[in-house]
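Chemist: Structure below; questions to follow.
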Amino acid sequence: MSDTATKHEVLLRVDDLVKHFPIRGGLFKQVKSHVRAVDHVSFEIERGKVLGIVGESGCGKTTLGRTVLRLTPRTAGKVFFKDKDIFEQGKGNLLKLRTKMQIIFQDPYSSLNPRLPVNEIIGEALVQHGMVKNKSEMMDRVIDIIEKCGLFPEQACRYPHQFSGGQRQRICIARALVLNPEFVVCDETVSALDVSIQSQIINLLKEMQEHLGLTYLFISHDLSVVRFISDQVGVMYLGELVEYGEKNQIFNTPRHPYTEALLSAAPTFDFAELRTRKRIILKGDIPSPVNPPSGCRFHTRCPFAQELCSIESPEDIEVEPGHRVRCHMASGKISASGH
Amino acid sequence: MTSNTTVSKCLTGRKDKQVESFWSSIFKQFRKNKLAVVSFYVLLVIILACIFVPIFSPYTMEQTNMQEKSLPPSAAHWFGTDDIGRDLFTRLFVGGRISLGISLAVVALECVIGILLGTLAGYYGGFVDGLIMRIADIFLCFPFLIICITIVSIFSSGPVTLIVTLAVLSWPSIARIVRAQILSLRELEYMEACEALGISDSRRMFRHLLPNVMAYVIVYATLGIAGTILTETSLSFLGMGIRFPIPTWGNLIQAARNPAVLDKYWWYWVPSGVAIFLTVMCWNIIGDALRDAVDPKMKR
């Protein structure tokens, strides 16, 4: 990172992050095996940029988002936020960091406490961190942020069940943004909403990001949403980041067969594209992360898989500046024509 | 920046808006149950009588009058007099004060201990949970009545001893309810949001988790009051509760142990029996109605 100019300040650096959940069983609750939810994932996000993470259900996207914020402990690896390893911070420092790193969840129903009014849901963290002096100042801040998020001041004293799903998600966004964070994890933030509301919420997120200079880790399974909001995109498969690069690199020149398959499966209204593109239909289901396939994890479903793929795990190679792929085809060890 | 007028407008808006909070919806549901509403008023009458009858009665609970002993109910003595000429109407409601007061105190203390330990166990889990719940298990395997009798006979049988004994023996069930609820609640996303926001543990437990558990606690407490009245009554009946000359419903009904009284002086024991029956019944009906109101899914 020697060439980090002020313009390209790396806000978050994830270095070889590993998160395994132990599976216990038997008479003495001994650890029998692990769910490899996140396996050796590395990436960087520059300040003010949006990194989209895509992948199918169960590939570890959500776990990645939570581990990056230290909401669950890591198994190995490092997460640097402004050059500080968040897992090395003491309790006091971590609390300070919490105000800088926020998360917006998928389900706007279970992520708001039904017994607290909106002003308290949003404002309690302000009081907790001593960012406001008294209750009326808290109300001012709360009203300010909910107006920015598209709600009305008189709604501040209502309870969550009086709001619709989209409004609830606005409350969740307000709660995350009221602390003036620098980095926000959006964990499938729009997936639970219907399409017309999705676009409103996405636009709100984008607007807030440009307005406040926020940095997002945007987790989604919806390619069109990721394409709209992201600067960089990472593709996850079975806990691994299989491809990572600028948005255009991923969407225009995908190098990993899994990314190609994902892109070809996305619905489109572009009929010219529909006519020309070939669909890659993946066989079978995603294998269990408890017992991932040997070698390349994708080889069981990959249309180009060869013998080497089941033996040797592919390295993470940079195929062009900023574009990294984990595939033997990209490294030239095998060729696609061989199949 | 928005001024304080907006704030106050917002805060007043809370009252006149069609805000149906969780509690008002419970109340609405409760009111639909006519039997429960009747029970509520019956109970209210009993409680008010317990408060005001001893104040306005021309007799005191200890005032004896050997000229007027064992009189049947009359205009002067509505529920008659006992074998040393005390007015039973007054004694019934003084006894009610003590029986109800003790039950309320026991349930309150039991709830405080149970909620506190249940919350800690559910929230922290692991070792703390194991420790607290094993202690609860130990308390649950005591034979209730025998332990009560032992403790009451070791210490004096005053109201304080009785309250503490009953509360200490019955907190585990409420701790279990609270713990079970908190175990499921703490996995919800809003608790994770609390973690991300850096909200303190105590606030998370008492501001976020407890209000979600309170409905269940109130239901349990209501049913618990009925149970405690009966327990207190049985202890007093056995002579292990509050002793003469202080009346309780339990030791008033104790008069019926004498076959002659049971046969000839029905007014010694029938009023207290009816009072116990009505009160316990009312608390139970109210508790059932509350439970249905809190969790409609549990209804049949």
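Chemist: Looking at A:Val184 and the list (1) within 9 Å of chain B (Cβ to nearest Cβ); (2) under 27 Å from the mean Cα position of the chain (by Cα); (3) closer than 17 Å to B:Glu192 by Cα, which single condition is not satisfied?
Modeler: (1)
Chemist: Can you name the residue in the range A:239-271 that is charged (D, E, K, R) and in a loop (DSSP other than H, G, I, E, B) and, of all such residues, is surrounded by the most Cβ atoms within 10 Å (Cβ to Cβ)? It would help to see each step written out before you state the result.
Modeler: Pass one, the range A:239-271, residues charged (D, E, K, R): A:240, A:243, A:246-247, A:255, A:260, A:270.
Next cut, in a loop (DSSP other than H, G, I, E, B) only: A:255, A:270.
Working: A:Arg255: 21, A:Asp270: 9.
Applying the filter and picking the extreme gives A:Arg255.
Chemist: Going through the range A:57-78 one residue at a time, which ones are within 12 Å of chain B (Cβ to nearest Cβ) and in contact with a strand residue (DSSP E or B) (Cβ under 6 Å, 6 or more places away or on another chain)?
Modeler: Those that are within 12 Å of chain B (Cβ to nearest Cβ) and in contact with a strand residue (DSSP E or B) (Cβ under 6 Å, 6 or more places away or on another chain): A:Thr62, A:Gly65, A:Val68, A:Leu69.
Chemist: Show the residue pairs meeting these rules: Cβ distance below 6 Å; 6+ apart or different chains; first residue within the range A:179-200 and at negative phi; second residue among the acidic types (Asp, Glu).
Modeler: If the second residue must be among the acidic types (Asp, Glu), the pairs left are A:Ala192/A:Asp107.
Table: residues versus (1) surrounded by fewer than 19 Cβ atoms within 10 Å (Cβ to Cβ); (2) modelled with pLDDT of 90 or more.
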site	(1), (2)
A:Thr99	no, yes
A:Leu112	no, yes
A:Pro117	no, no
A:Glu124	no, yes
A:Arg141	no, yes
A:Lys148	yes, yes
A:Cys157	no, no
A:Arg168	no, yes
A:Leu177	no, yes
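Chemist: Answer with yes or no whether B:Ala167 is part of a helix (DSSP H, G or I), open to solvent by less than 30 Å² (accessible area, probe 1.4 Å) and within 30 Å of A:His161 (Cβ to Cβ). Walk me through it before giving the result.
Modeler: Details: part of a helix (DSSP H, G or I): yes; open to solvent by less than 30 Å² (accessible area, probe 1.4 Å): yes; within 30 Å of A:His161 (Cβ to Cβ): no.
Criteria not met by B:Ala167.
Chemist: Okay, moving on. Can you find a residue that is buried (at least 22 other Cβ atoms within 10 Å of the Cβ) and free of Cβ contacts under 8 Å to residues at least 24 places away in the same chain anywhere in the range B:260-282?
Modeler: The answer is no; no qualifying residue exists.
Chemist: With on the phi > 0 side of the Ramachandran plot, in contact with a Gly (Cβ under 7 Å, 6 or more places away or on another chain) and either among the polar types (S, T, N, Q) or surrounded by fewer than 17 Cβ atoms within 10 Å (Cβ to Cβ) (or both) as the only criterion, which of A:Gly284, A:Gly322, A:Gly332 stands out? Break it down stepwise before answering.
Modeler: On the way: A:Gly284 fails: in contact with a Gly (Cβ under 7 Å, 6 or more places away or on another chain); A:Gly332 fails: in contact with a Gly (Cβ under 7 Å, 6 or more places away or on another chain).
Of A:Gly284, A:Gly322, A:Gly332, the one residue that is on the phi > 0 side of the Ramachandran plot, in contact with a Gly (Cβ under 7 Å, 6 or more places away or on another chain) and either among the polar types (S, T, N, Q) or surrounded by fewer than 17 Cβ atoms within 10 Å (Cβ to Cβ) (or both) is A:Gly322.
Chemist: Does B:Cys148 satisfy the condition of being under 30 Å from B:Ser184 (Cα atoms) and not small (Gly, Ala, Ser)? Walk me through how you get there before you give the answer.
Modeler: Values: under 30 Å from B:Ser184 (Cα atoms): no; not small (Gly, Ala, Ser): yes.
When the stated conditions are applied, B:Cys148 does not pass them.
Chemist: Exactly one condition in (1) over 16 Å from the mean Cα position of the chain (by Cα); (2) crowded, with 16+ Cβ neighbours inside 10 Å; (3) at pLDDT below 90 is not met by A:Gly60; state its number.
Modeler: Among (1) over 16 Å from the mean Cα position of the chain (by Cα); (2) crowded, with 16+ Cβ neighbours inside 10 Å; (3) at pLDDT below 90, the lone unmet condition for A:Gly60 is (1).
Chemist: Kindly indicate whether B:Val112 is free of Cβ contacts under 8 Å to residues at least 60 places away in the same chain and assigned to a helix (DSSP H, G or I). Break it down into steps so the answer makes sense when it comes.
Modeler: Values: free of Cβ contacts under 8 Å to residues at least 60 places away in the same chain: yes; assigned to a helix (DSSP H, G or I): yes.
So B:Val112 fits the description; yes.
Chemist: While we're looking at this one, here's another question. Would you pick out the residues in the range A:128-141 that are part of a helix (DSSP H, G or I), of a type in the set (A, V, I, L, M, F, W, C) and more than 9 Å from every other protein chain (Cβ to nearest Cβ)? Reasoning before the result, please.
Modeler: Let us first name the residues in the range A:128-141 that are part of a helix (DSSP H, G or I), namely A:128, A:135-141.
Right, trim to of a type in the set (A, V, I, L, M, F, W, C) and you get A:138-139.
The one that is part of a helix (DSSP H, G or I), of a type in the set (A, V, I, L, M, F, W, C) and more than 9 Å from every other protein chain (Cβ to nearest Cβ): A:Met138.
Chemist: Run A:Phe87 past the list (1) facing another protein chain (nearest Cβ under 10 Å); (2) not in a strand (DSSP E or B) and report the number of the one that doesn't hold.
Modeler: (1)
Chemist: Is it fair to say A:Ile219 is within 30 Å of A:Arg170 (Cβ to Cβ) and in contact with a helix residue (DSSP H, G or I) (Cβ under 6 Å, 6 or more places away or on another chain)? Talk me through it step by step, then tell me what you get.
Modeler: Numbers: within 30 Å of A:Arg170 (Cβ to Cβ): yes; in contact with a helix residue (DSSP H, G or I) (Cβ under 6 Å, 6 or more places away or on another chain): yes.
So A:Ile219 fits the description; yes.
Chemist: If you don't mind, there's one more thing I want to ask. List every residue pair whose Cβ atoms lie under 7 Å apart, where the two residues are 6 or more positions apart in sequence or sit on different chains, the first residue falls within the range A:101-127 and is more than 7 Å from chain B (Cβ to nearest Cβ), and the second residue, located anywhere, is basic (Lys, Arg).
Modeler: A:Pro108/A:Arg168; A:Tyr109/A:Arg168; A:Pro117/A:Arg158; A:Val118/A:Arg158; A:Ile121/A:Arg175; A:Ile122/A:Arg175; A:Gly123/A:Arg141; A:Leu126/A:Arg141
Residue-wise test of (1) at the interface with chain A (Cβ under 9 Å from one of its Cβ atoms); (2) open to solvent by less than 10 Å² (accessible area, probe 1.4 Å).
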| site | (1), (2) |
| --- | --- |
| B:Ser184 | no, no |
| B:Leu188 | yes, no |
| B:Ile199 | yes, yes |
| B:Arg203 | yes, no |
| B:Pro211 | yes, no |
| B:Val217 | no, yes |
| B:Gly224 | no, no |
| B:Gly227 | no, no |
| B:Leu230 | no, no |
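Chemist: Can you confirm whether A:Tyr159 is hydroxyl-bearing (Ser, Thr, Tyr) and within 14 Å of chain B (Cβ to nearest Cβ)?
Modeler: Details: hydroxyl-bearing (Ser, Thr, Tyr): yes; within 14 Å of chain B (Cβ to nearest Cβ): yes.
Judged against the criteria, A:Tyr159 is a match.
Chemist: Okay, moving on. Would you point out the residue of the range A:143-155, among those that are at the interface with chain B (Cβ under 9 Å from one of its Cβ atoms) and not polar (S, T, N, Q), that is farthest from the chain's Cα centre (by Cα)? Steps first, please.
Modeler: The initial filter retains those residues of the range A:143-155 that are at the interface with chain B (Cβ under 9 Å from one of its Cβ atoms), namely A:143-144, A:147, A:153-155.
With the extra rule that they be not polar (S, T, N, Q), the set shrinks to A:143-144, A:147, A:153-154.
Working: A:Ile143: 29, A:Asp144: 27, A:Glu147: 26, A:Pro153: 31, A:Glu154: 33 Å.
The extreme case among them is A:Glu154.
Chemist: Looking at the range B:240-247, is at least one residue buried (at least 17 other Cβ atoms within 10 Å of the Cβ) and part of a helix (DSSP H, G or I)?
Modeler: Going through the range B:240-247, the residues buried (at least 17 other Cβ atoms within 10 Å of the Cβ) turn out to be B:240-242, B:246-247.
Those left that are additionally part of a helix (DSSP H, G or I): none.
Checking the range B:240-247: not a single residue is buried (at least 17 other Cβ atoms within 10 Å of the Cβ) and part of a helix (DSSP H, G or I).
Chemist: May I ask you to say which residue of B:Val107, B:Val112, B:Val38 is surrounded by fewer than 15 Cβ atoms within 10 Å (Cβ to Cβ), at pLDDT 85 or above and closer than 30 Å to B:Ile132 by Cα? It would help to see each step written out before you state the result.
Modeler: On the way: B:Val107 fails: surrounded by fewer than 15 Cβ atoms within 10 Å (Cβ to Cβ); B:Val38 fails: closer than 30 Å to B:Ile132 by Cα.
Within the list B:Val107, B:Val112, B:Val38, the selection yields B:Val112.
The values are calculated or read from the model by the stated rules, or taken from the named source; none is laboratory data. Keep in mind that this is a model prediction, so the values were computed, not measured. Quick reminder, even Gly has a Cβ in these numbers, built from the backbone with ideal geometry, and neighbours come from all protein chains shown. In case anyone asks, the SASA skips ligands and DNA or RNA and just uses the protein heavy atoms, side chains included. Shrake-Rupley method; radii C 1.70, N 1.55, O 1.52, S 1.80 Å.
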